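Chemist: Before anything else, here's the structure in question.
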Amino acid sequence: MNNAAIIGVGQSAYTRRPEPGQSTHTFIRDAVVAALRDAQVDATDVQGMAVASFSLAPDTAVDLAWKLGLSLRWLLQDTNGGSSAMNMLGHALRGVETGTADVILVIGGDATGLAGYSKIASNDNIATRDHLAPLGHGGPNGVYSLVTSRQMKKYGLERSDYGQIAIAQRAWAAKNPFAVYRTPLTMEEYLAAPMVADPLSRYDCVPVVAGAQAIVLAHPDRCPRGRAPVRIRAHRASFNYDNQEGDGLQTGISTFADALWKQAGVAPRDIDVASIYDDYPTMVLAQLDDLGMIAGHDLARFCRRDIGEKRFPINTWGGMMSAGQPGGPAGGLNGISEAVLQLQHRAGDRQVKNARVAVATGYGMTMYRYGGTAAAAILERAP
């Protein structure tokens, strides 16, 4: 079936330091209002809602529905961090296709503050709380510094290779009014940045922000007049694919990439724009390689040539590394939203010419040594 599409997107403002009166709920409210307005859908038409947030508690999904004034017949709350957006997209897709709900709102947002995020990161799960946090491991930064070191050694990467990703995404962010960091970044500045967890420096680690993102799924016929609906050609997900027994240099995407491309009926060479979950440059490369988008698994050449020289359009809103990470859940939704804007040819100064097919991914839930969840979707501009 292919009778569901993304027909609207919206986001709140992003800020590093929320002001008094701003909260997870207010950011989500703003994103929902923007998404419904963009989709030209009234709140009374919404029959389903999915939400992911690290800071919604003690409220749950049904409390949020109440506060938003939504009466629903389909409801979901996802807890899988960086892959939550992709997971919710998959469930919402099937919800619309099966007729369970005609219009589904998918939401992600957080306003933890830096101290709140640190507390969450130290209590991701029992393994982290009991075995890593007491060591002062520094949260995900400490974990992914080890993954980055392994990747550098295996593929002959230099720090400047990761810098190509950070610099390119900052250049895209300069064209995004919602991005928290828009000033151009040079290689000299990247290499001189203070270390956070060697070899990760300041510009390798996503800045935590407060904010929210939302998208609207419905039958393609409900798409606003004069705008192309965005169809989901294929969707796949993986959970705990290797029991944390690998080196973290592959993700669960490696288990389904072939099936994803086959279902979509396209190949990596057909992708016009890519939204790759970018909690760290290391994981951008790992996901791209798992997708088969890096020729010959030559990560260094890809960084230097495809990103550094050719500026292949990856994370054209600036990615989380420049636009900001409003919690893991919304971080995945902004990649999906950007893909939609690109495919609808509404990305303004960021627009990739004649964009027709996009790939979007999610990755997250650092269980002990690296992330345990991964998901991806192929999106297409409908004729």
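Chemist: Can you find a residue that is more than 17 Å from Gly319 (Cβ to Cβ) and open to solvent by 20 Å² or more (accessible area, probe 1.4 Å) anywhere in the stretch 201-211?
Modeler: no
Chemist: For Gly331, only one of the following conditions fails: (1) out of contact with any helix residue (DSSP H, G or I) (no Cβ under 7 Å at 6 or more places or on another chain); (2) open to solvent by less than 10 Å² (accessible area, probe 1.4 Å); (3) part of a helix (DSSP H, G or I). What is its number?
Modeler: (1)
Chemist: Restricting to the stretch 126-156, and then to whatever is aliphatic (A, V, I, L, M) and touching a Ser or Thr at 6+ places or on another chain (Cβ under 6 Å), can you tell me which residue is least open to solvent (accessible area, probe 1.4 Å)?
Modeler: Here the residue is Val147.
Chemist: Has the stretch 168-189 got any residue that is over 26 Å from Glu309 (Cα atoms), open to solvent by less than 10 Å² (accessible area, probe 1.4 Å), under 17 Å from the mean Cα position of the chain (by Cα) and touching a residue at least 12 places away in the same chain (Cβ under 8 Å)?
Modeler: No: the stretch 168-189 contains no residue that is over 26 Å from Glu309 (Cα atoms), open to solvent by less than 10 Å² (accessible area, probe 1.4 Å), under 17 Å from the mean Cα position of the chain (by Cα) and touching a residue at least 12 places away in the same chain (Cβ under 8 Å).
Chemist: Among the listed residues Ala85, Ala92, Ala34, identify the single one that is touching a helix residue (DSSP H, G or I) at 6+ places or on another chain (Cβ under 7 Å), touching a residue at least 40 places away in the same chain (Cβ under 8 Å) and outside any loop (DSSP other than H, G, I, E, B).
Modeler: Ala85
Chemist: In addition: Step by step: first the residues of the stretch 313-328, then only those that are part of a helix (DSSP H, G or I) and in contact with a helix residue (DSSP H, G or I) (Cβ under 6 Å, 6 or more places away or on another chain), then the one that is surrounded by the fewest Cβ atoms within 10 Å (Cβ to Cβ). Which residue is that?
Modeler: To start, the set of residues in the stretch 313-328 that are part of a helix (DSSP H, G or I) comprises 319-323, 327-328.
Now narrow it down to the ones that are in contact with a helix residue (DSSP H, G or I) (Cβ under 6 Å, 6 or more places away or on another chain): 319-323, 328.
On the way: Gly319: 32, Met320: 29, Met321: 25, Ser322: 28, Ala323: 31, Gly328: 32.
Across the stretch 313-328, the extreme among qualifying residues is Met321.
Chemist: Out of (1) farther than 27 Å from Ser145 by Cβ; (2) under 21 Å from the mean Cα position of the chain (by Cα), what's the single condition that is false for Ile294?
Modeler: So the condition that Ile294 fails would be (1).
Chemist: Which residue out of Asp221, Asp270 is modelled with pLDDT of 95 or more, under 30 Å from Arg182 (Cα atoms) and open to solvent by 50 Å² or more (accessible area, probe 1.4 Å)?
Modeler: On the way: Asp221 fails: under 30 Å from Arg182 (Cα atoms).
Testing whether each residue is modelled with pLDDT of 95 or more, under 30 Å from Arg182 (Cα atoms) and open to solvent by 50 Å² or more (accessible area, probe 1.4 Å) leaves just Asp270.
Chemist: What number goes with the only condition from (1) at pLDDT below 95; (2) surrounded by fewer than 24 Cβ atoms within 10 Å (Cβ to Cβ); (3) under 22 Å from Pro184 (Cβ atoms) that Glu245 does not pass?
Modeler: Status for Glu245: all satisfied but (3).
The values are calculated or read from the model by the stated rules, or taken from the named source; none is laboratory data. Bear in mind that the values here come from a model prediction, so they are computed numbers and not experimental data. For neighbour counting, all protein chains shown are included, and Cβ atoms are generated from backbone atoms with ideal geometry for every residue, glycine included. Remember, those area values only see protein heavy atoms, side chains included, never the ligands or the DNA or RNA. Shrake-Rupley method; radii C 1.70, N 1.55, O 1.52, S 1.80 Å.
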